[in-house]
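Inspection log for the structure reproduced underneath, given as structure tokens.
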Amino acid sequence: MKTSIKLFIMLFAVMAFGQKHTVEGEIHAVKEAGLHRIPVPHNLRSYATRNLRDIRIWDTKGNQVPYFIQPAMSYKSTKVSDFTEFPVISSARITDSIATYIFQNPDKTIKQAVFLIANYQGTKSYRLEGSNDQNQWFGIVNNGKLDQLSHPKETSVYKVINFPLCAYKYLKVVFNDKQSLPINLLKIGKATAETVTIMPIAMDKIPVKAIAFSEENKKTEIHINFDRLEVINEIRIDIAGPELYSRNATLYAIREREVKRNIESYKQVLTTFSIRSDKDLVFDISTITEKELYLEIENKDNPKLQINSIQFMQEPLYLVAALNAQNTYKVTAGNTALNVPDYDISEVTNTLKSNLPIAEISSVTYVQAKTKEKAEISFWQQPWFMWCCIGLAALIISYYAFNLIKDLNKK
């Protein structure tokens, strides 16, 4: 009897929780054990929640495999010329606490400094303070952050920090070493700086379900539909003509709001940009998540643009997980009831994304939720049986009521 009850509970649990995810994929066996970078394919990401809290990696025994998420980043390098070094008044370091550098401002005002830093793996937070007497210090930057602190070919990198314009004679930069190893700050100065992209991000193309063009009031309106909510980071437009053009474009979505107990639609502007024949037709936009979009182009008195294609792009994301060799893993997503997992791996792992081997997710399939079979209904549960009982009860009540009234009339 107890065994039957246990089996029933297990069956109920499987039915209740086994099919809550809507999409799953497979990670094929890797050659060597260790940390791997796992690109999240578009056809899996589109079914996941926006913050990817529902993604899980499972081994063959059904155990969760810890991971953390790393965004793809283009590697940007700062080139400097005419570097002039600032006098460093003092430097001090408290082990596992802070590192402090005080340097002199040679100009009347200052709003930028250039750091020359020995290659460092990771990020570093800092704060910047200013003073005129080195006794009383005032805040300039409360919580700054330096990233991409390594160069692929050189042993050091230049990093430019910008801050509010100030006229302090002395500035103090304080690095936080409590949660990370100290950096080696070689020089502080000013220079003519230029940031160039060495390794651009390879964007993922988002499939479009439908796109429609219309012309009205000297404007071109483009209506775009996707199959599902999509995370969009970039727009690319291919234009065949005319040869010269400069148009203002607005990207918006249709929203609804309640006004005096009535529901009305309105346009919510997501971003604006300029389409010019002398500029690249690639437009970075703040991350948006939409299923339906509108792009409006102002033509004024000019001929409409001959648009060959419009592409919507998505920045890739990576899962970083420790995988065993010769093992296969399953990745699931789509269970909106799940919270963000709390794994230790992100706290103890500090590694460069470019140095990790790649493990691909393949065979992504949509999982149709299982529907419960309709149980057989006994005859006494049928609607006709219920109405028969109600009718019979009504006849009996009517019979007794009739006889009661009849007896009362006799008396």
Can you confirm whether LEU356 is within 30 Å of GLY122 (Cα to Cα), in contact with a Leu (Cβ under 6 Å, 6 or more places away or on another chain) and either of a type outside the set (D, E, K, R) or at pLDDT 65 or above (or both)? yes
request  = Evaluate the following for LEU116: is it touching a Ser or Thr at 6+ places or on another chain (Cβ under 8 Å), assigned to a strand (DSSP E or B), of a type outside the set (Lys, Arg) and surrounded by fewer than 16 Cβ atoms within 10 Å (Cβ to Cβ)?
outcome  = no
Over region 24-58, the set of residues in contact with a Lys or Arg (Cβ under 8 Å, 6 or more places away or on another chain) and either part of a loop (DSSP other than H, G, I, E, B) or open to solvent by less than 30 Å² (accessible area, probe 1.4 Å) (or both) is GLY25, ILE27, SER46, TYR47, LEU52, ILE57
Quick count over region 329-344, residues being touching a strand residue (DSSP E or B) at 6+ places or on another chain (Cβ under 6 Å) and part of a loop (DSSP other than H, G, I, E, B), is 1
Scanning region 225-268 for residues that are of a type in the set (Val, Ile, Thr) and in contact with an Asp or Glu (Cβ under 6 Å, 6 or more places away or on another chain), the one least open to solvent (accessible area, probe 1.4 Å) turns out to be THR250
Listed by first then second residue, the pairs whose first member lies in region 194-215 and is modelled with pLDDT of 85 or more and assigned to a strand (DSSP E or B), whose partner is aromatic (Phe, Trp, Tyr) and loosely packed, with under 12 Cβ neighbours inside 10 Å, with beta carbons under 6 Å and at least 6 positions apart or on separate chains, are none
Restricted to region 119-147 and to residues being more than 12 Å from PRO182 (Cα to Cα) and basic (Lys, Arg), the residue most open to solvent (accessible area, probe 1.4 Å) is LYS145
Inside region 291-315, the number of residues satisfying the requirement of being surrounded by fewer than 18 Cβ atoms within 10 Å (Cβ to Cβ) and outside any strand (DSSP E or B) is 6
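The values are calculated or read from the model by the stated rules, or taken from the named source; none is laboratory data. Computed from a predicted structure; not experimentally measured. Here the Cβ is made from the backbone with ideal geometry for all residues, glycine too, and neighbour counts use every protein chain on show. Surface areas here come from the heavy atoms of the whole protein model, side chains and all, with no ligands, DNA or RNA. Shrake-Rupley method; radii C 1.70, N 1.55, O 1.52, S 1.80 Å.
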